[in-house]
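The values are calculated or read from the model by the stated rules, or taken from the named source; none is laboratory data. Computed from a predicted structure; not experimentally measured. A quick note on method: Cβ atoms are made from the backbone with ideal geometry, for glycine too, and the neighbour counts reach across all protein chains shown. Side chains included, ligands, DNA and RNA excluded: accessible areas come from the protein's heavy atoms. Shrake-Rupley method; radii C 1.70, N 1.55, O 1.52, S 1.80 Å.
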Amino acid sequence: MTTVPPATAELSADEARRIALRAQGFLGAPDRRGGVRGVLRHLGAVQLDTISVLARSHELIPYARLGAVGRKAVEDAYWTPPADGTAPPRPHAFEYWSHAACVLPVEEWPYFAFRRRAYRARPHWYHELADGAYDAVIKQLRAEGPLTATELGGAKNGGPWWDWSEAKVAVERALMYGEVVCTGRRGWKRVYDLAERAVPAELLHDDLDDTECLRRLVGLAGQALGVGTRADIADYHRLKGEQVDAVISASGLVPVTVQGWGKPAWADPEALATVPRGRHRTTLLSPFDSLIWERARTERIFGFTHRLEAYVPKPKRVYGYFAMPLLSGGRLLGRVDPAREGATLVAKQVSLTGPKAVRPMARALREAAEWVGCSDVRVDRIDAPELRAPLVEELTSL
């Protein structure tokens, strides 16, 4: 790591926590005028995942910040172009590899040129590809317009989920290279189109060098985090530490120290300009929410150990398949592993930090139930049995 300049500010751990909450959209009035697109632009990346319990992760992210925004409105905000007929259809977002597979604001397309170049420089991308297969997919998209992998000739060869067909390999390689863009989802299948059609002409270029791309992404990560260590900032768009080191002094972020963090940190100067104040959001968080997606940062800021157990063998799970942390009052007060049975939201397993978490959990469960169209909430198991009756009572009274 390069030498860090002297800190411009000293923050308490509580100040850093509040700065992080405001930067992520959980402290203060929600930006309802900006809506879902505003959330996407503000965060810079919304993670996608195949798991759907209450809803998919990219729906849960704006819900956690805005409340019960319509689920169709979420999809429309990401993908549907303006309907005024004055311009060719253009997406508001594109899918690419950032923190993981993410929805990204389309205006950030030029800044991922460094990653597209890196993929093109690889001799192969996981799978061999027969001569002509790549060009055939591009030709079909050019002739027929946006298509799913199934429509391109099939997504699988018939084996396990990673046993992709030649068409799927080709179109995913084209996506990595930037010749193809995912412009939406159809039944959770990616819809592919040529970048030359889908990305606005003024953005469709790889003109920016790696340094300019990295400087932009490091600056955006710092703004979205509010304050973070080198590792926090690198993790946001999955950059290497040395990539962060090379540009952070020119990113607009300023060095700070945070009590108890033990490592140098960097902050968005605008986040330091005013004291974070306002109403705290009470909500359930997707395990893939950018507030908590980095475990070490979550433990450092909230003193809360979070782990997605969906891929842990069932007998070894502690909190459940898709445990969703409870955020309330700017703290993480527990978690719940939810499910849906008809019109009932089932809290399969509830874990709370204490009696003060009962009412916030009840509120969060009731709001989530209403959002996904459930009229009832049922509590199956709670780690602290003495809190079961108070939780059920709160749920009944809301």
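Return yes when Pro5 is under 25 Å from Val247 (Cα atoms), assigned to a loop (DSSP other than H, G, I, E, B) and open to solvent by 10 Å² or more (accessible area, probe 1.4 Å) and no when it is not.
The answer is yes for Pro5.
Restricting attention to the range 374-395, does a residue exist that is hydrophobic (A, V, I, L, M, F, W, C), in contact with a strand residue (DSSP E or B) (Cβ under 8 Å, 6 or more places away or on another chain) and touching a residue at least 60 places away in the same chain (Cβ under 8 Å)?
No.
In the set Ala296, Ala347, which member is more than 20 Å from Ser57 (Cβ to Cβ), touching a residue at least 12 places away in the same chain (Cβ under 8 Å) and hydrophobic (A, V, I, L, M, F, W, C)?
Ala296
Does the range 272-286 hold any residues that are open to solvent by less than 10 Å² (accessible area, probe 1.4 Å) and small (Gly, Ala, Ser), and which are they?
Matches in the range 272-286: Ser286 only.
Determine if the range 8-18 includes at least one residue that is assigned to a loop (DSSP other than H, G, I, E, B) and modelled with pLDDT of 95 or more.
Scanning the range 8-18 turns up at least one residue that is assigned to a loop (DSSP other than H, G, I, E, B) and modelled with pLDDT of 95 or more.
Kindly evaluate Val218 against the criterion of being surrounded by 22 or more Cβ atoms within 10 Å (Cβ to Cβ) and without any contact (Cβ under 8 Å) to a residue 40 or more places away in the chain.
yes
List, please: which pairs have Cβ atoms under 6 Å, are six or more places apart or on different chains, and start with a residue in the range 278-290 that is closer than 13 Å to Pro360 by Cα and touching a residue at least 12 places away in the same chain (Cβ under 8 Å) and end with one that is surrounded by fewer than 24 Cβ atoms within 10 Å (Cβ to Cβ) and of a type in the set (D, E, K, R)?
Final answer for the pair search is Thr282/Arg363.
Restricting attention to the range 351-378, which residues are assigned to a strand (DSSP E or B) and either modelled with pLDDT under 95 or surrounded by 19 or more Cβ atoms within 10 Å (Cβ to Cβ) (or both)?
Ser351, Leu352, Val377
Quick one: is Arg300 closer than 27 Å to Ala231 by Cβ and either touching a Ser or Thr at 6+ places or on another chain (Cβ under 9 Å) or of a type in the set (S, T, N, Q) (or both)?
yes
Can you tell me which of Arg340, Arg295 is open to solvent by 70 Å² or more (accessible area, probe 1.4 Å) and either aromatic (Phe, Trp, Tyr) or more than 17 Å from the chain's Cα centre (by Cα) (or both)?
Arg340
Would you mention how many residues in the range 170-202 are open to solvent by 30 Å² or more (accessible area, probe 1.4 Å) and more than 19 Å from the chain's Cα centre (by Cα)?
Number satisfying all stated conditions: 8.
Taking the range 119-154 as the region of interest, how many residues are open to solvent by less than 70 Å² (accessible area, probe 1.4 Å) and more than 30 Å from Val36 (Cβ to Cβ)?
Final tally of qualifying residues: 13.
Taking the residues in the range 257-271 that are farther than 27 Å from Cys102 by Cβ and either touching a Leu at 6+ places or on another chain (Cβ under 9 Å) or polar (S, T, N, Q) (or both) as candidates, determine which candidate is surrounded by the fewest Cβ atoms within 10 Å (Cβ to Cβ).
Gln259
Just one of the numbered conditions (1) of a type outside the set (Val, Ile, Thr); (2) part of a strand (DSSP E or B); (3) under 23 Å from Ile301 (Cβ atoms) is not true of Lys348; which one?
(3)
On the given criteria, is Thr305 in a strand (DSSP E or B) and open to solvent by 30 Å² or more (accessible area, probe 1.4 Å)?
No.
Scan the range 239-295 residue by residue and report those that are among the acidic types (Asp, Glu) and within 28 Å of Ser328 (Cα to Cα).
Residues satisfying the conditions are Asp268, Glu270, Asp289, Glu294.
For the range 58-81, what are the residues that are surrounded by fewer than 20 Cβ atoms within 10 Å (Cβ to Cβ), over 19 Å from Leu21 (Cβ atoms) and modelled with pLDDT of 85 or more?
Ala68, Val69
Which is touching a residue at least 12 places away in the same chain (Cβ under 8 Å) and in contact with a Gly (Cβ under 7 Å, 6 or more places away or on another chain), of Leu27, Leu48, Leu43?
Leu27
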